[in-house]
Structures are given as structure tokens and as C-alpha cells.
Amino acid sequence: MDAHDPILRFVNEPQTSESQALYGVGSRPSPSYITTCLKLAGFSYIYMPRELPEHNQFQYKMENDYSHLKNNEPIRNIFVASHKKLVNERLRQCG
């Protein structure tokens, strides 16, 4: 979800789609929701890739508009969580 606040929204999804929720209800967490949950789970280090995949669902501009779709596509992100500091030039620390 495109939001700065730690928010989780439930959304209806088609049950016929293989890439969506199994029973028709999916969740759309904001990035800060994910990082908050990872911290609460005990992870001290949270990272995001510096470059995301060249795919429509990863290539979008954050506008803090609380949407879960951009150009009629779900928006996605990638997080890496660790108990130890990672040294990797392809990752940037977040959260």
C-alpha cells in the first residue's frame, strides 16, 4: 500500500487468480507496517534492494495516496530482515 503510516488494508481479490489470495481476501500492508512488524518480531536490521525488479508491480512512484494499485496493478516491494548487520552494496537499510 502506498502510505507512509503503518497500515494494513484488507481487499477483495478474484479467487480465480493464481497470484492473489486463495479465498478472495488479500492484505495490502504499507512498507512501514512491514518494517514495524519485522522489528516487533525481533529483527534488528531491515533492508530493501537498491534496485527493484523491472516489473510493473515493482516500478511505481510512492505518493502517499493510500492506494494499493498503480496503473491497475498491485504494488509490491521486497524486504530483507536479519538479526545481524549485512554488508551488501545492493541493499539499503530502512525502517
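Odds and ends about this structure:
- Search result, residues across the range 11-32 that are closer than 15 Å to I78 by Cα and either β-branched (V, I, T) or in contact with an Asp or Glu (Cβ under 8 Å, 6 or more places away or on another chain) (or both): S30, S32
- Picking from residues in the range 57-75 that are in contact (Cβ under 8 Å) with a residue 60 or more places away in the chain and closer than 25 Å to S19 by Cβ, the one that is surrounded by the most Cβ atoms within 10 Å (Cβ to Cβ) is I75.
- Of the residues making up the range 11-49, just one is more than 18 Å from M1 (Cβ to Cβ), at pLDDT below 95 and touching a strand residue (DSSP E or B) at 6+ places or on another chain (Cβ under 9 Å), namely G24.
- Restricting attention to the range 57-95, the residues that are closer than 27 Å to G26 by Cα and either acidic (D, E) or part of a loop (DSSP other than H, G, I, E, B) (or both) add up to 22.
- Boolean, G42 is at positive phi and not polar (S, T, N, Q): yes
- The residue that is farthest from P14 (Cα to Cα), counting only those in the range 60-77 that are of a type in the set (S, T, N, Q) and at pLDDT below 90, is N71.
- Tally, over the range 23-56, of residues that are out of contact with any His (no Cβ under 9 Å at 6 or more places or on another chain), surrounded by 14 or more Cβ atoms within 10 Å (Cβ to Cβ) and part of a loop (DSSP other than H, G, I, E, B): 2
- Condition check for P14: assigned to a loop (DSSP other than H, G, I, E, B) and touching a residue at least 24 places away in the same chain (Cβ under 8 Å): no
- Residue within the range 13-22 that is surrounded by 10 or more Cβ atoms within 10 Å (Cβ to Cβ) and of a type in the set (D, E, K, R) present: yes
The values are calculated or read from the model by the stated rules, or taken from the named source; none is laboratory data. These figures come from a predicted structure and were not determined experimentally. Backbone-built Cβ (ideal geometry, glycine too); neighbour counts: all protein chains shown.
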